[in-house]
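Enquirer: Once you've had a glance at the structure underneath, I'll fire off some questions.
The values are calculated or read from the model by the stated rules, or taken from the named source; none is laboratory data. Because the structure is predicted, anything quoted here is derived from the model rather than measured. When we count neighbours, we look across all protein chains shown, and the Cβ atoms used for this are built from the backbone with ideal geometry, even at glycine. With ligands, DNA and RNA removed, areas are computed over all heavy atoms of the protein, side chains included. Shrake-Rupley method; radii C 1.70, N 1.55, O 1.52, S 1.80 Å.
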Amino acid sequence: MNIRQDAWSKENDLLLATAVLKHVKVGSTQLKAFEEVGEILNRTAAACGFRWNAVVRQYYIPDMEMAKKERKQRNRIESRQVGKKTANKLPFFIPKESENDITMSDVIQYLTTIAPAENAASLQAENSRLQRELEAVKKELHHLKEGYTSMQEDYESLMQIMERARKLVVFSEEVPASVKFRMERNGNLEKVAE
């Protein structure tokens with residue numbers, strides 16, 4: 001049996017698995033791991049991804065779960081550190097013993113102190129812009145109502161003129177004489193000449 005020269009070896013599979021697990025742990029993507037391994041093994045990232053999904057992944061399911069848990073834990077730790085840095089910049093004091101327990105009243109106090117100062121100017125500008133738009137829409141509506149009323153009056157006048165013309169035509173025409181018919185033997189009607 002011939003073995004392809006570019007066949008995947010156990011070492012290649014191990015390298016692929018190690019790279020994927022490492023990238024998942026640090027919060028990177030599997031695609032980046034495929035690209036990294038592809039450069040080392042002189043293969044495309046697509047070939048590495050196919051090998052991972054088709055063959056290798058099934059042997060590393062518990063390891064993937066562990067890597068995802070580690071990533072989640074790392075993200076939690078980082079978000080806490082960012083939260084502490086942000087809390088130190090807040091305009092109100094949070095005592096050290098309750099640093100992790102921010103209450104709703106703390107949030108409300110923060111929002112009432114910081115939000116009005118930041119948003120007052122933008123809200124006033126937006127309010128004046130909306131007032132101008134409202135006035136323009138009111139003017140346009142008034143103009144359209146005037147046009148509608150004028151069209152309605154013109155329509156009614158046209159209908160009166162048409163009704164008068166119809167009455168004149170009907171009265172001026174002669175009333176047609178009555179036409180007489182007789183029945184033939186086979187049951188067809190025949191017009192009788194006068």
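Enquirer: Determine ³J(HN,Hα), in whole Hz, for all residues of the stretch 23-37 in sequence, where each value follows from phi through the Karplus function 6.51 cos²θ - 1.76 cosθ + 1.60 and θ = phi - 60°; x replaces Gly and Pro.
Expert: Those phi angles translate into 5, 5, 4, 8, x, 8, 9, 5, 4, 5, 5, 4, 5, 4, 5 Hz.
Enquirer: Right, next: Note down the nm distance, to one decimal, between modelled labels 7 Å out along Cα→Cβ at Arg74 and at Lys10.
Expert: Placing both labels 7 Å along Cα→Cβ, they lie 2.9 nm apart.
Enquirer: With a 1.4 Å probe and every protein chain left in place, tell me how much accessible area Arg132 has, in Å² to the nearest 10.
Expert: Accessible area, nearest 10 Å²: 150 Å².
Enquirer: Separate question: Roughly speaking, what is the stretch gain from Arg185 to Met66, that is 0.36 nm per residue apart minus the C-alpha to C-alpha distance, in nm to one decimal?
Expert: Working: separation 119, 0.36 × 119 = 42.84 nm, distance 10.46 nm.
Difference between extended and current length: 32.4 nm.
Enquirer: In addition: Given the Cα-Cα distance of Gln160 and Asn42 and 0.36 nm per residue of separation, how much length would full extension add, in nm? Intermediate values should be presented prior to the final figure.
Expert: Numbers: separation 118, 0.36 × 118 = 42.48 nm, distance 8.97 nm.
Computed gain between Gln160 and Asn42 is 33.5 nm.
Enquirer: A further question on this structure: Could you give the length gained by full extension between Phe50 and Lys138, i.e. 0.36 nm per residue of separation minus their alpha carbon distance, to one decimal place?
Expert: Gain in length upon complete extension: 25.4 nm.
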